1. Show me, bin by bin at 10 Å from 0, the whole-percent P(r) of the range 186-228 based on Cα pairs.
2. Keeping all protein chains in the complex and leaving out DNA, RNA and ligands, what accessible area do you get for Ser153 with a 1.4 Å probe, in Å² to the nearest 10?
3. Taking 7 Å along the Cα-to-C-beta vector as the label spot, tell me the Val17-Glu191 distance in nanometres, rounded to one decimal.
4. Once the Cα atoms of the range 79-145 are picked out, what are the Rg and Dmax in Å?
5. In whole Å, how far is the Cα centre of the range 78-106 from that of the range 123-181?
6. Provide, as a two-decimal number, the C-alpha radius of gyration of the range 101-186 over 2.2 N^0.38 Å, N being how many residues it has.
7. For the range 143-228, restrict the atom set to alpha-carbon positions and state the Rg and Dmax in Å.
8. Determine the gain in length on full extension of the stretch Asp137-Val68; use 0.36 nm per residue of separation and subtract their C-alpha separation, reporting nm with one decimal.
Amino acid sequence: MIPPLQSLVKYDNAVLVSSTKEKKVKDKLLKSGGLLPGEQKSEVPQTEDILNSILPPREWTEDSQLWVQYVSSTPATRLDVITLQEKLDQQLQQRQARETGICPVREELYAQCFDELIREVTINCAERGLLLLRVRDEMHMTIAAYQTLYESSIAFGMRKALQTEQGKGDMEGRIGTLEAETKDFERQVAEWKLKCEAIEKREAERREADAKKHKEEVAFLENHGKSC
């Protein structure tokens, strides 16, 4: 495991704990509730214990040796706060964090900055630090909830988009079918219209011929009556 990256949280110098085998034995004793040789159980939690519970120590293995780096319990001065702000701005610029929108780099750096502020407050007042820890955890839970909601909305939007595309294809096919049927009906209407016009023309010619014949017969009968 490689050493941890630089953090805005102030840590003490890394110390060599033991080999990995000895660390497993110590972990087993701690999990079982036992104490390490030479340790005495303290009923009142110390500031270091509270700091380690809020900001757990960083551990890594290098050349089969276990190194541990505990968070610093040194009180912060006004200069430390100013330096923290300068480091934050420097890291934001060096790591090219986006100023707006969702940016994991900016979120990580501000989280480290908030952890450092919790460390500084906890050293002066442990209760205030624990309250800030609750605020931090609630903030993380809220962000995680919004992230879950965002991912759910993205998935819902993708499903709706796919359904829309599928429905669009079906609708286009339906429109094509209806357009073909409309053209067929228009063709039939044109044919029937031509047939109606032909029938009306024939009927008009027949009526005209019948009227002419009737007129001729009437004139013949009138002339025949006069001659008699």
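1. 26, 25, 20, 14, 10, 5, 0
2. The value for Ser153 is about 60 Å².
3. 9.2 nm
4. 13.3, 37
5. 29 Å
6. Working: Rg = 27.1 Å, N = 86, 2.2 N^0.38 = 12.0 Å.
Cα-based Rg divided by the globular estimate yields 2.27.
7. Reported Rg and Dmax, both Å: 36.3, 122.
8. Working: separation 69, 0.36 × 69 = 24.84 nm, distance 2.45 nm.
Stretched fully, the Asp137-Val68 segment lengthens by 22.4 nm.
The values are calculated or read from the model by the stated rules, or taken from the named source; none is laboratory data. These figures come from a predicted structure and were not determined experimentally. Neighbour counts run over all protein chains shown; Cβ positions are idealised from the backbone, glycine included. Calculation scope for accessible area: heavy atoms of the full protein, side chains included, ligands and nucleic acids excluded. Shrake-Rupley method; radii C 1.70, N 1.55, O 1.52, S 1.80 Å.
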